[in-house]
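Student: One structure, pasted below without further comment.
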Amino acid sequence: MKKLLLKGGYVVDPSSNLKGKLDVLIQGGKVVKIEKNINAHDAEILNVEGKIIAPAFVDIHTHLRDPGHIYKEDMLSGSKSAVAGGYTALLCMPNTSPPIDSPETASYIREKSTRLSLCEIFPAGTLTLGRKGEKLSDFYSLKEAGCLAFTDDGSTLRNSDLMKKALEVCSELKVPVMNHCEDPVLAKGEVNEGEISALLGIKGRHSSAEEIMIARDCILAYHTGGHLHIQHISTSLAVEIVKFFKEKGTNLSCEVNPYHLVFTEREILRSGAQAKVNPPFRKEKDREKLLEALAEGIIDCIATDHAPHHTSEKGLVEKSLPGMISLQTALPIMLQLVREKIITLERMIELMSVNPAKIIGLAERTIAVNSRADIVVFDPEKEWILCEDSNFSKSKNTPLWNKELKGKVIYTLKEGKIVFRDPQ
Ligand SMILES: [Zn+2]
């Protein structure tokens, strides 16, 4: 197999504490040498002068809409968006049609992922059959078929007894239970409940809907010892609750969606339905708390919650489906936080690569001799616009559509193979 040499880049690897201007030589899908000024005349040389070389990203919250809603996205278009965003592994959510509640559907995902051979895709299985919240899925057979976590994402598992049992069984299986935490009775509105919902005359979703569910789930995780992973945390009090239970030694991790770090409820005034998401964008004080928690380590990882929808599903705020595409916008958003000195570049890579891999039990993400060459090379200064020409998703629902972004993936390597190359 041909050798590949990344020449002149700046390596940042939080796993091995490696940082510096180093060349990286790759052969047979693995990193074989990391040194200053490597000469290898038999290798294909990629000049990455001035670029950052890091372990490729892992997204543990992706909606690929496949099977069932492939007019919005499918595994191929989703994989292309992923590698263009620097990701080489995804955990896809099971709210498909049919939902991923049987080994057959889970195997469909694994087989198609292997066939496409672009980005590794692992399924999350449903917590309950049909995501109906009534009967637990067969976690054993789903795990056997490749599921790395369980969630009814999109909906909350409201039945506390089932949630407790799920945590108990998943604790034996050593896989995380992920919950979209919003009490469905309280969370019936379209935007955050507050002055903006009042101004627009739209029913709001109160932040307590999220906080109540997070508190319940933390209590159940505390008692059962099962690994609870909280999806898309968004409020200040929710952060306090997580902090409290982490300090008590609860087996707990949590993610934040990049958009919640840069937008507030006011974005709906500017972007309309494109800024509708569940849980909704909150207040500035919530956003500030999330940033603090990100830097302090209370929040463990970034997860995109990439949620493609067709243009016809994004009209009036009240009638639109929630969610936005984000596999290609996560890096520029996170780099903005690095430029603002809220987090360091090392912390960003930990949040987007090292920690999410750990949460779902993938091999350590690192750039070390003998490690698998899953690598992202990005230019933190490059400006670009997310538009028809640069977008790989089938959908274009994001408040950042046609906006100028800063920070671009130049190469993505999966097992030493170039799966994305910036066309410019
Ligand atoms: Zn969700």
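The values are calculated or read from the model by the stated rules, or taken from the named source; none is laboratory data. These figures come from a predicted structure and were not determined experimentally. Ideal geometry is used to build each Cβ from the backbone, glycine not excepted, and the neighbour counts take in all protein chains shown. Surface areas here come from the heavy atoms of the whole protein model, side chains and all, with no ligands, DNA or RNA. Shrake-Rupley method; radii C 1.70, N 1.55, O 1.52, S 1.80 Å.
Student: Restricting to segment 201-212, name every residue that is more than 16 Å from the ligand (Cβ to nearest atom), out of contact with any Leu (no Cβ under 8 Å at 6 or more places or on another chain) and at negative phi.
Tutor: Passing the criteria: Ile202, Lys203, Gly204.
Student: Give all pairs with beta carbons closer than 8 Å in which a residue from segment 92-105 that is within 15 Å of the ligand (Cβ to nearest atom) meets a residue that is open to solvent by 30 Å² or more (accessible area, probe 1.4 Å) and assigned to a loop (DSSP other than H, G, I, E, B); count only pairs at least 6 apart in sequence or on separate chains.
Tutor: Met93/Gly154; Pro94/Asp101; Asn95/Gly154; Asn95/Ser155; Thr96/Gly68; Thr96/His69
Rundown of residues vs (1) assigned by TED's automatic domain parsing to the domain that holds Gly416; (2) in contact with a strand residue (DSSP E or B) (Cβ under 7 Å, 6 or more places away or on another chain), yes/no style:
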residue	(1), (2)
Leu316	no, no
Pro322	no, no
Thr329	no, yes
Ile342	no, no
Ser353	no, yes
Lys382	yes, yes
Leu386	yes, yes
Ser395	yes, no
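Student: Kindly indicate whether any position in segment 51-71 is in contact with a His (Cβ under 8 Å, 6 or more places away or on another chain), of a type in the set (Lys, Arg) and either surrounded by fewer than 24 Cβ atoms within 10 Å (Cβ to Cβ) or not assigned by TED's automatic domain parsing to the domain that holds Pro380 (or both).
Tutor: Checking segment 51-71: not a single residue is in contact with a His (Cβ under 8 Å, 6 or more places away or on another chain), of a type in the set (Lys, Arg) and either surrounded by fewer than 24 Cβ atoms within 10 Å (Cβ to Cβ) or not assigned by TED's automatic domain parsing to the domain that holds Pro380 (or both).
Student: Starting from segment 308-326, take each residue that is part of a helix (DSSP H, G or I) and list its partners that are surrounded by fewer than 21 Cβ atoms within 10 Å (Cβ to Cβ) and among the hydroxyl-bearing types (Ser, Thr, Tyr), counting only C-beta distances under 9 angstrom and pairs at least six apart or across chains.
Tutor: Glu313/Ser320
Student: Counting only residues that are aliphatic (A, V, I, L, M) and within 16 Å of the ligand (Cβ to nearest atom), which one in segment 213-239 is surrounded by the most Cβ atoms within 10 Å (Cβ to Cβ)?
Tutor: So, considering only residues that are aliphatic (A, V, I, L, M) and within 16 Å of the ligand (Cβ to nearest atom), the one surrounded by the most Cβ atoms within 10 Å (Cβ to Cβ) is Leu228.
Student: In segment 142-174, what residues are in a helix (DSSP H, G or I), within 13 Å of Ile360 (Cα to Cα) and either touching a Phe, Trp or Tyr at 6+ places or on another chain (Cβ under 8 Å) or within 16 Å of the ligand (Cβ to nearest atom) (or both)?
Tutor: Cys170, Leu173
Student: Somewhere in segment 265-285, is a residue out of contact with any Leu (no Cβ under 6 Å at 6 or more places or on another chain), part of a strand (DSSP E or B) and touching a residue at least 24 places away in the same chain (Cβ under 8 Å)?
Tutor: Step one: filter segment 265-285 for residues out of contact with any Leu (no Cβ under 6 Å at 6 or more places or on another chain), giving 265-285.
Subset that is part of a strand (DSSP E or B): none.
No, the conditions are met nowhere in segment 265-285.
Student: When segment 195-212 is examined, which residues are found to be open to solvent by less than 10 Å² (accessible area, probe 1.4 Å) and among the aliphatic types (A, V, I, L, M)?
Tutor: Ile196, Ala209
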